[in-house]
1. I'd like to know how the range 27-86 sits against the 2.2 N^0.38 Å rule of thumb: what's its Cα Rg over that expected value?
2. For the range 185-235, what Kirkwood radius comes out of the mean inverse Cα-Cα distance, in Å?
3. Taking R0 as 22 Å, what's the FRET efficiency between residue 282 and residue 245 from their Cβ-Cβ distance, rounded to 0.05?
4. Please compute the contact order of the range 135-281 in relative form: average sequence separation of alpha-carbon pairs under 8 Å and at least six residues apart, divided by the residue count, as a percent.
5. Helix-derived [θ] at 222 nm for the chain: sum -39500 (n - 2.57) over DSSP H runs of at least 4, divide by residue count, nearest 500?
6. Normalised by the number of residues in the chain, what is the relative contact order in percent for Cα pairs under 8 Å and 6+ residues apart?
7. Could you run the Debye sum over the Cα atoms of the range 135-281, one equal point scatterer each and no solvent, and tell me log10 of I(q)/I(0) at q = 0.12, 0.15, 0.19, 0.22 Å⁻¹, two decimals?
8. If you fit an axis through the alpha-carbon atoms of helix 15-33 and take the longest principal axis of the Cα set of the chain, what angle between them do you get, 0 to 90°, nearest 10?
C-alpha cells in the first residue's frame, strides 16, 4: 500500500518538491485566469474541520476544491469536537474512510499530528498555534511572482514569535533565504523551531536593524486568536514594532510588504504601508487559493518534479 503523504509543516516536503509546488501554483493561477477548466479531482471530497474561525482559509480551500472538480465539506466547531467527545484517533479512522482529503484548522499541533497518524487519506494543516504552512506556500508564491526566487535573499519578520514566524523560519531553511527576526523580550519564537533552522536565522531586538536591506518585510497581528485578553499588554510590549514607511525605507529599495491578514492598521502596520505601493497583501491573499490547489493536486496525484 502506498504511503499517505501529509502536509503538517513545510518540512514534510523536500526543498525541490516545495519549489516545484510553487511553480505549479503559478501555472494553475495562469490557467484559472485564462478561464481553462481543469478538474482532476472530480467526485473527490475534502473534509474541512474548523475549530478556529477563518475567512481566507475556508473560502480558498472550498473554492479551490470546486475549481478542481471536487466537493468541500465544511465542518464547523459545532459539528466536530476533536478529542473532546470521540477520541481523535477514532474521528480520524471514521472520517478518512468517507472522504479523500482532510484539512484541519485547530489550536494544538499535536491534534493534526495525531489525526494524521490514524488517517487513511492526506491531512493538511490549515493552521495551528505552532505552524501555518499553507500561508507560507502563498507567501513564497507571491514573493516569487513579484521578485523572482527567494533563494539567497533576505526577509525580515517584525513582531511576535508566533506560528507565522515559525513557518517563515521553516521556509528560510527549505527555500534557502536568510530570515531576520525582530521580537520584543518575552515574545521570542519556540526554541526547538529556532534550533532546527538556526543556520538561516538572525535575531534582533531593534526592528529597524532587522529591516535594513531586507527584500521582504513581514508582520502579523500582535494578538492572535485566543489572545484577546492579552491585547493591552501586547500593545505596550510591541510599541516601536509597527511597520512604518520609515522602516520600509530602511529595507531594499525594491522591498515588498506582506501580512497574512486580518490586519490592524495603526497597530502592527501603518495604513500608509499596507495600502501603499510596496504592499502585495491582496495578491498574497488570493494566492492562498492557487497554492492550495497545487498542494491538493500534489497530495492526490503526486508531487510535481
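Coordinate-derived values only; no laboratory data. Every value quoted in this text rests on a predicted model; they were computed, and no experiment measured them. As a convention, Cβ positions derive from the backbone with ideal geometry for all residues, glycine included, and neighbour counts pool all protein chains shown.
1. Numbers: Rg = 14.1 Å, N = 60, 2.2 N^0.38 = 10.4 Å.
Relative to the 2.2 N^0.38 Å estimate, the range 27-86 comes out at 1.35.
2. Numbers: mean 1/r = 0.0753 Å⁻¹.
Result for the range 185-235, one decimal place: 13.3 Å.
3. On the way: r = 19 Å, r/R0 = 0.86.
E between residue 282 and residue 245, to the nearest 0.05, is 0.70.
4. Value for the range 135-281: 23 percent.
5. Details: 12 runs with 126 residues, N = 305.
The helix contribution divided over the chain gives -12500 deg cm²/dmol.
6. Working: 571 pairs, mean separation 63.5, N = 305.
RCO, the chain: 21 percent.
7. -0.42, -0.68, -1.14, -1.57
8. Helix 15-33 and the main axis of the chain meet at about 80 degrees.
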